[in-house]
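Just so it is clear, none of the values below were taken in a lab; they were calculated from the coordinates. Note that the structure is a prediction, hence the values are computed from the model and not measured. Don't worry about glycine lacking a Cβ; one is built from the backbone with ideal geometry, like all the others, and counts go over all protein chains shown.
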Amino acid sequence: MSIWIGRILSTIVVVLLLADAATNLFAPVFIRAEMEATGFPISLAPVLGIIIAICTILYAVPKTAFLGAILITGFLGGAICTQFRLGEFFTPPQIVSLLLGIAVWGGLYLRDPRLRQLMPLNMV
């Protein structure tokens with residue numbers, strides 16, 4: 001049962017991150033204001049989209065899921081730090097990034113028995 005919950009959670013993460021990557025790649029106009037507000041030129045949107053897509057694909061493939069989770073966590077951490085740099089605390093982008101990071105590792109933990117062996121959570 002936990003494997004299926006992990007797969008569903010991981011699928012949701014993959015869909016959300018690929019949608020974000022697609023927006024960066026194909027419709028950067030929609031995120032222009034957010035990019036400029038954080039100090040990133042809009043010309044970097046496609047680069048960010050490619051990075052997000054690669055990390056997400058690595059996460060979606062079982063053999064490279066650990067690497068993908070680490071890279072996604074780093075990317076999301078950068079997003080959180082960018083908001084902190086601007087003096088913003090507990091804003092929606094930070095909360096979404098934090099929740100996505102938790103979902104990345106939670107989904108992987110539930111769907112991959114190797115991670116559960118490496119980090120057993122005894123709730124007893």
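Filtering the stretch 59-114 to residues that are part of a loop (DSSP other than H, G, I, E, B), free of Cβ contacts under 8 Å to residues at least 12 places away in the same chain and under 18 Å from G39 (Cα atoms) leaves G87, E88, F89, T91. A residue that is assigned to a helix (DSSP H, G or I), closer than 22 Å to G101 by Cβ, more than 19 Å from the chain's Cα centre (by Cα) and of a type outside the set (G, A, S) cannot be found anywhere in the stretch 13-23. Among the conditions (1) under 21 Å from I3 (Cα atoms); (2) surrounded by 12 or more Cβ atoms within 10 Å (Cβ to Cβ), the only one that M35 does not satisfy is (1). The number of residues in the stretch 24-49 that are among the β-branched types (V, I, T) and either over 19 Å from T82 (Cα atoms) or in contact with a Gly (Cβ under 6 Å, 6 or more places away or on another chain) (or both) comes to 1. Selection within the stretch 53-71: residues that are farther than 19 Å from P113 by Cβ and aliphatic (A, V, I, L, M). The member of this set that is surrounded by the fewest Cβ atoms within 10 Å (Cβ to Cβ) is I54.
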